[in-house]
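All of the numbers you see were taken from the coordinates with simple rules; none came from a lab. As the structure is a prediction and not an experimental result, all values here were calculated from the model. Please note: Cβ atoms are built from the backbone with ideal geometry, for glycine as well, and neighbour counts cover all protein chains shown.
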Amino acid sequence: MTATLHIEHTITDYKTWKGAFDRFADARARGGVSAQRVRLQEDDASQVVIDLDFDSTAQARAFSTFLHEKVWGTANAPALVGTPTTRILVDPSVSPAG
């Protein structure tokens with residue numbers, strides 16, 4: 001793992017959101033996701049945090065673009081509120097800045 005696409009967003013219903021998330025398992029695999037973690041904020045279950053790991057920052061950027069252009073803001077994203085916040089995180093021991 002070289003890069004993590006870190007996503008935070010608000011949802012209206014976890015079960016509905018999770019069903020939609022699960023339907024995109026093949027897209028995540030094709031996009032190069034090597035591991036994923038889904039968490040809810042402890043004191044606010046309407047706040048979801050997702051970390052998707054990739055072998056490269058290019059893969060993470062490409063998948064972020066896919067989400068912004070093809071998933072969020074469409075009928076493919078039920079229970080999503082507003083626009084998610086995304087960040088690409090890198091391990092400082094393997095990044096050029098490290």
(request) Label segment 1-52 by shape, choosing from rounded, prolate and oblate, from the square roots a ≥ b ≥ c of the eigenvalues of the Cα gyration tensor; if a/c is under 1.5 it is rounded, and otherwise prolate applies when a/b is larger than b/c, oblate when it is not. (result) oblate
(request) Let me have the 222 nm mean residue ellipticity of the chain computed from DSSP H runs of 4+ only, each contributing -39500 (n - 2.57), with the sum over all residues rounded to the nearest 500. (result) -7500 deg cm²/dmol
(request) Using only the alpha carbon atoms of the chain, find the Kirkwood hydrodynamic radius as the inverse mean reciprocal pair distance, in angstroms to one decimal. (result) 13.8
(message) Using only Cα atoms and rounding to the nearest 10 degrees, what angle (0 to 90) does helix 14-23 make with the longest principal axis of the chain?
(response) 50
(message) Compute the helix-to-body angle for 57-66: its Cα long axis versus the longest principal axis of the chain, expressed 0 to 90° and rounded to tens.
(response) 20
(request) Scan around SER56 for amide H atoms under 5 Å from its own, H built in the peptide plane at 1.01 Å from N, and keep only partners 5 or more places away or cross-chain. (result) THR2, ALA3
(message) How big is the dipole moment of the chain about its Cα centre under a simple scheme where the beta carbon of each Lys and Arg is +1, that of each Asp and Glu is -1, and everything else is neutral? Debye, nearest 20, please.
(response) 300
